[in-house]
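What follows is a set of notes on a single structure, which appears directly below.
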Amino acid sequence: MAKFLPALDERLTTFIQQQRIFFTGTAPGKGRMNVSPKGLDTFRILSPTRVGYLDLTGSGNETAAHLLENGRITFLFCAFEGPPLIVRLYGAGRSVQPQHPEWQALRPSFGPELHGERQLIIAELESVQTSCGFGVPRYGSQEDRSQLTDWAAHKGPEGLATYRREKNSTSIDGAPTGWGV
């Protein structure tokens, strides 16, 4: 049975910290909804009601566009190993880019530097939901993939800047992402 909480507790914090993958969900008022898998140890719990992740340059920037429009974001964590559990974090999110003053204060919380860092996605949690996860299959994690950070390292800073201007400045529906603003 689903249960709602106002914030993360110690048990859920430990569960989230043990997960190797998480999913983000955002949606504009009109247009395509976006659900993305994330990994590479980029998610952090900043407080019981504040979370975020280090977002790397990718093929699109839907999350930033949707957050710029309405701020709604959901994070999903599933237990693929161990006891079954699903945790959803519902919040109001925003993008913090390297040129923003807040970046310097927040970035150290997200671990070692990774090639292709684009922005931090920070969310103030409105509610936390747990559910059974009985239907989630068991999967074992082998290792993180290095292709995304290898690609970014090969592109270099100038190549990434060009790529972001060309591929990350609007969503697939044409909405602005705020990248570089």
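Here are some residues: Leu76, Leu89, Leu106, Leu120. Which one is in contact (Cβ under 8 Å) with a residue 12 or more places away in the chain, under 23 Å from Val51 (Cα atoms) and not in a strand (DSSP E or B)?
The match here is Leu106.
For Thr130, all conditions in the list (1) surrounded by fewer than 18 Cβ atoms within 10 Å (Cβ to Cβ); (2) at pLDDT 95 or above; (3) farther than 21 Å from Thr63 by Cα hold save one; what is the number of the exception?
(1)
Say we look at segment 123-164 and pick out the residues that are touching a helix residue (DSSP H, G or I) at 6+ places or on another chain (Cβ under 8 Å) and not in a helix (DSSP H, G or I); which of these is farthest from Ile73 (Cα to Cα)?
Looking at residues that are touching a helix residue (DSSP H, G or I) at 6+ places or on another chain (Cβ under 8 Å) and not in a helix (DSSP H, G or I), I get Thr130.
Looking at (1) more than 26 Å from Glu166 (Cβ to Cβ); (2) in a helix (DSSP H, G or I); (3) touching a Pro at 6+ places or on another chain (Cβ under 9 Å), which is the only condition Phe23 fails?
(2)
So how many residues does segment 20-56 have that are among the acidic types (Asp, Glu) and surrounded by fewer than 18 Cβ atoms within 10 Å (Cβ to Cβ)?
1
Are there any pairs with C-beta distances below 6 angstrom linking a residue in segment 24-37 that is among the polar types (S, T, N, Q) to a residue that is surrounded by fewer than 16 Cβ atoms within 10 Å (Cβ to Cβ), with the two at least 6 apart or on different chains, and if so which?
Thr24/Ser36
Report yes if Tyr139 is among the aromatic types (Phe, Trp, Tyr), over 17 Å from the mean Cα position of the chain (by Cα) and more than 30 Å from Ala2 (Cβ to Cβ), otherwise no.
It is false that Tyr139 is among the aromatic types (Phe, Trp, Tyr), over 17 Å from the mean Cα position of the chain (by Cα) and more than 30 Å from Ala2 (Cβ to Cβ).
Of the residues Ile121, Ile86, Ile73, Ile172, which single one is surrounded by 11 or more Cβ atoms within 10 Å (Cβ to Cβ) and more than 21 Å from Arg20 (Cα to Cα)?
Within the list Ile121, Ile86, Ile73, Ile172, the selection yields Ile172.
The values are calculated or read from the model by the stated rules, or taken from the named source; none is laboratory data. Every value quoted in this text rests on a predicted model; they were computed, and no experiment measured them. Note that each Cβ is placed from the backbone with ideal geometry, even for glycine, and that neighbours are counted across all protein chains shown.
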